[in-house]
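Okay, structure first, notes after.
The values are calculated or read from the model by the stated rules, or taken from the named source; none is laboratory data. In this text the structure is predicted, and so the values were computed from the model without any measurement. Ideal geometry is used to build each Cβ from the backbone, glycine not excepted, and the neighbour counts take in all protein chains shown.
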Ligand SMILES: [Fe+2]
């Protein structure tokens, strides 16, 4: 269904295969009539940036709820529910976040919620409450576009492979395995490498958290995963957003990787995140 659009909605693609900047005023954005158009835009561009929207937590939650079921997989970590219930504050400020390893982990290409016991979240939504003074841009890489562009013979080799994702791999470069909370150290999930969505589109399930390929010697499997990650992150399939106060972004977490460029504890960077539950199990 084509939504009736206010004339002041302007869509500018960032790259042909990923990302769009959507200029829209807050009233139009929060109007229920905008939702189908927004879903259509995200299906097309994978990641959307809405400059200077200035959403409150309540407005962000209302928008989140209008996209699907709200999910909160970080309510038990510092920064979860800090400002408002079900809103996760992403920050390295040690007053709010006494346990920064997940934020450091987000500086590597990843998908949200991939090793949690839930279908991967459909959308991640971020509001910038304070931009970093240096670094901290967010990059998005379309794993739909990365899959589509692979040669057919390579696609045939990848279909059917299964990958184990785990926390030890996800925090590689941040913590040594024995430094990870023992209660969480064993968190892992096995997923197909290629996700065939109900829509018929396919995406790659990869990321820093992808540890090894089932049934393949670890060095060869890891080399393949590293190569696919480089492939997906190349400029043709990825884009970058530099944050300003009030900017809002959302992306399809089931067909995109994301990462923050490195930033420091005193950068001031503070983002409020909400999450929409997965629409479908991985197939
Ligand atoms: Fe993330």
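Which fully enclosed strands (runs of 3 or more DSSP E) of region 1-61 have 1 or more residues being surrounded by fewer than 19 Cβ atoms within 10 Å (Cβ to Cβ) and modelled with pLDDT of 95 or more?
10-13, 20-23
If you check 226, 145, 169, which single one turns out to be touching a residue at least 12 places away in the same chain (Cβ under 8 Å) and closer than 26 Å to residue 263 by Cα?
Values: 226 fails: touching a residue at least 12 places away in the same chain (Cβ under 8 Å); 145 fails: closer than 26 Å to residue 263 by Cα.
Testing whether each residue is touching a residue at least 12 places away in the same chain (Cβ under 8 Å) and closer than 26 Å to residue 263 by Cα leaves just 169.
Given the conditions (1) assigned by TED's automatic domain parsing to the domain that holds residue 72; (2) closer than 22 Å to residue 251 by Cα, which single one is not true for residue 134?
The single condition residue 134 does not satisfy is (2).
What number of residues within region 194-239 are assigned to a strand (DSSP E or B) and either surrounded by 15 or more Cβ atoms within 10 Å (Cβ to Cβ) or outside the structural domain of residue 161 (by TED's automatic domain parsing) (or both)?
Looking only at that region, the number is 11.
Condition first: on the phi > 0 side of the Ramachandran plot, surrounded by fewer than 17 Cβ atoms within 10 Å (Cβ to Cβ) and in contact with a helix residue (DSSP H, G or I) (Cβ under 9 Å, 6 or more places away or on another chain). Can you find one or more residues in region 116-136 that meet it?
The first filter runs over region 116-136 and keeps only residues on the phi > 0 side of the Ramachandran plot, leaving 135-136.
Then keep just the ones that are surrounded by fewer than 17 Cβ atoms within 10 Å (Cβ to Cβ); that gives 135.
Next, only the ones that are in contact with a helix residue (DSSP H, G or I) (Cβ under 9 Å, 6 or more places away or on another chain) stay: none.
Checking region 116-136: not a single residue is on the phi > 0 side of the Ramachandran plot, surrounded by fewer than 17 Cβ atoms within 10 Å (Cβ to Cβ) and in contact with a helix residue (DSSP H, G or I) (Cβ under 9 Å, 6 or more places away or on another chain).
Could you tell me which of the residues 177, 182, 219 is free of Cβ contacts under 8 Å to residues at least 24 places away in the same chain and in contact with a helix residue (DSSP H, G or I) (Cβ under 6 Å, 6 or more places away or on another chain)?
Result of the check over 177, 182, 219: 177.
Take the conditions within 16 Å of the ligand (Cβ to nearest atom), more than 19 Å from residue 15 (Cα to Cα), touching a strand residue (DSSP E or B) at 6+ places or on another chain (Cβ under 9 Å) and modelled with pLDDT of 95 or more and apply them to residue 205. Does it pass?
Answer is yes for this residue.
Take region 257-269 and flag every residue that is farther than 23 Å from residue 46 by Cα, in contact with a strand residue (DSSP E or B) (Cβ under 7 Å, 6 or more places away or on another chain) and within 15 Å of the ligand (Cβ to nearest atom).
Result: 269, single match.
Find the helices (runs of 4 or more DSSP H) located wholly in region 92-185 whose residues include 3 or more that are within 16 Å of the ligand (Cβ to nearest atom), and list them.
Output list reads 101-105, 167-170.
Which members of region 143-157 meet the condition of being touching a strand residue (DSSP E or B) at 6+ places or on another chain (Cβ under 8 Å) and surrounded by 18 or more Cβ atoms within 10 Å (Cβ to Cβ)?
Once the filter is applied, which keeps residues that are touching a strand residue (DSSP E or B) at 6+ places or on another chain (Cβ under 8 Å) and surrounded by 18 or more Cβ atoms within 10 Å (Cβ to Cβ), region 143-157 yields 143, 144, 146, 147.
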